[in-house]
Amino acid sequence: MRQVVLLGKPDTKRTHYLGRVAREAGLHVLFLDWDHWQENLPKGRIFMKIDPPVWDSCSLEQLGSLIGDYQKQLEALSRFGRLQDVKFLNTPETIATLLDKRESKRRLAAAGLAVSEELKIVQEDVLEVEQLLDIMQKQRIHQVFIKPIYGSGAAGIAAFRWQPRTKQMVLYTCAWEVPDREDKKLNKLINTKKLRRFTDSKQVLSMVERLLKLGCIVERWHAKAEYQGYSYDLRAVVQDGRMDFCLARLSKGPITNLHLNNHPLKLESLGLPQNVINDIEELCRQGMGCFSGLRSAGIDILLERGSWKPRIIEMNAQGDLLYQDIYGENVIYQRQVEMMREEAYLVHGIQGKDR
């Protein structure tokens, strides 16, 4: 028998709602806090789920160092897994791979899967804003998304539109400049929960320059499908090859994250043809197959306006928390507890609670 372990932070909705399902199912789950996990690791055979750490900082300039620290923790977990008989819901190596938007997107594209397209950029060092404008003009792409290579929850993401002929610009982003507490002459860039729209070209270019210095990928701004006057994309949670939950994220703006007061809607309420839903599910399954050691993922999908062709925007190995699910039937965590139970009582390929 394996000890089921949840590595995360106490008093989070992730811990609370998975723990609730586990208790109802009579499955004992040992909780480990990120702050002390190495001192409290159990001995013996383990099945572990890794939840993301919780960061207090909203500074975008600190995002790189925070991710770097997290990557070191994942490396330590990987070493621990090799030294002891540990199985993971999602392996540390795969979680680390999916943290890197550029690497994971290119792996999907190399497998022939439809993804939101990255602009063709020869050098992959930090872009200057003038270089970006030149690339956009040469490729005749005048609407792009700018995304930090590492990050989630719309941290540092921006939608940028530019008309070379009229010189007009607009930028949508949750990033914002605030005075630095230590040096009032400087402004630091923070992530907020409010989407802002900038149209002054000087301010737009200044913000784009600062965002690019974070280390970003730049993608084509595809026109998304619409429903009742809203554009939308989808968040699907796929586990062991099955789409357990799928939610449309409706927005009047280009950034659809639900914590920005956008509107959630169940997939079936969109009235999509069954063949489109089948295409979404198949694309998700193929995406999962590109990453070994991945059993559960949140996958963001856009449907092209007019054709409903699905494209993967990005994948998240820890994208399983959806409030619309946990406050409803809690399907996602119920399925995870089923997976945990199977692993806990799996002995020589035979399943059984009493073994």
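The values are calculated or read from the model by the stated rules, or taken from the named source; none is laboratory data. All values reported here derive from a predicted model rather than from experimental measurement. Cβ sites come from the backbone with ideal geometry, for glycine too, and all protein chains shown count toward neighbours. Just so you know, the surface numbers come from the protein's heavy atoms only, side chains and all, with ligands and any DNA or RNA stripped out. Shrake-Rupley method; radii C 1.70, N 1.55, O 1.52, S 1.80 Å.
How high is the FRET efficiency from residue 206 to residue 43, r the C-beta distance, R0 51 Å, rounded to 0.05? The computed FRET efficiency comes out at 0.40. For residue 233, neighbours were defined as the other residues whose beta-carbon sits under 10 Å from its Cβ, and their charges (Lys and Arg +1, Asp and Glu -1) total +3. Separation of segment 51-111 from segment 237-291 is 23 Å, based on Cα centroids. Within segment 70-94, what residues put their amide N at less than 18 Å from the label point 7 Å along the Cα-to-Cβ vector of residue 54? Residues 70 fall inside that zone. The alpha-carbon of residue 309 sits under 18 angstrom from the alpha-carbons of these lysines, leaving out residues fewer than 8 places away in its chain: 105, 224. Measure nothing but the geometry: give the 0 to 90° angle between the long axis through the Cα atoms of 63-83 and the longest principal axis through the Cα atoms of the chain, rounded to 10°. Helix 63-83 sits roughly 30 degrees off the main axis of the chain. The slack between residue 194 and residue 20, meaning 0.36 nm per residue of separation minus the straight C-alpha distance, is 59.5 nm.
Per-residue surface analysis assigns residue 172 an accessible area of about 40 Å², computed on protein heavy atoms at 1.4 Å probe radius.
Once neighbouring chains are kept in place and the probe is 1.4 Å, which whole percent of the accessible area of the chain is contributed by carbon and sulfur? All intermediate terms of the calculation are to be shown ahead of the outcome.
Details: 8180 of 17550 Å².
C and S fraction of accessible area: 47 percent.
If you take the square roots of the eigenvalues of the alpha-carbon gyration tensor of the chain and sort them as a ≥ b ≥ c, do you get rounded (a/c under 1.5), prolate (a/b over b/c) or oblate? Prolate, because a/c is 1.5 or more and a/b exceeds b/c. Local charge for residue 147 was computed over the other residues whose Cβ lies under 11 Å away, with Lys and Arg +1 and Asp and Glu -1, and equals 0. Averaged per residue, the chain has 49 square angstrom of accessible surface, using a 1.4 angstrom probe with ligands and nucleic acids left out.
Residue by residue, segment 251-261 carries 3J(HN,Hα) couplings of 8, 7, x, x, 9, 9, 3, 5, 6, 9, 6 Hz when phi is fed to the Karplus relation 6.51 cos²θ - 1.76 cosθ + 1.60 (θ = phi - 60°); x denotes Gly or Pro.
Hey, with R₀ at 22 Å, roughly what FRET efficiency would residue 143 and residue 286 work out to, going by the Cβ-Cβ distance, to 0.05?
Using R0 = 22 Å, I get an efficiency of 0.20.
The accessible area of residue 69, taken with all protein chains in place and a 1.4 Å probe, comes to roughly 90 Å².
Take the Cα of residue 307, step 7 Å toward its Cβ, do the same at residue 72, and the gap between the two points is 4.6 nm. Label zone of residue 166 (point 7 Å out along Cα→Cβ, amide N under 19 Å): in segment 250-286 this covers 253-254.
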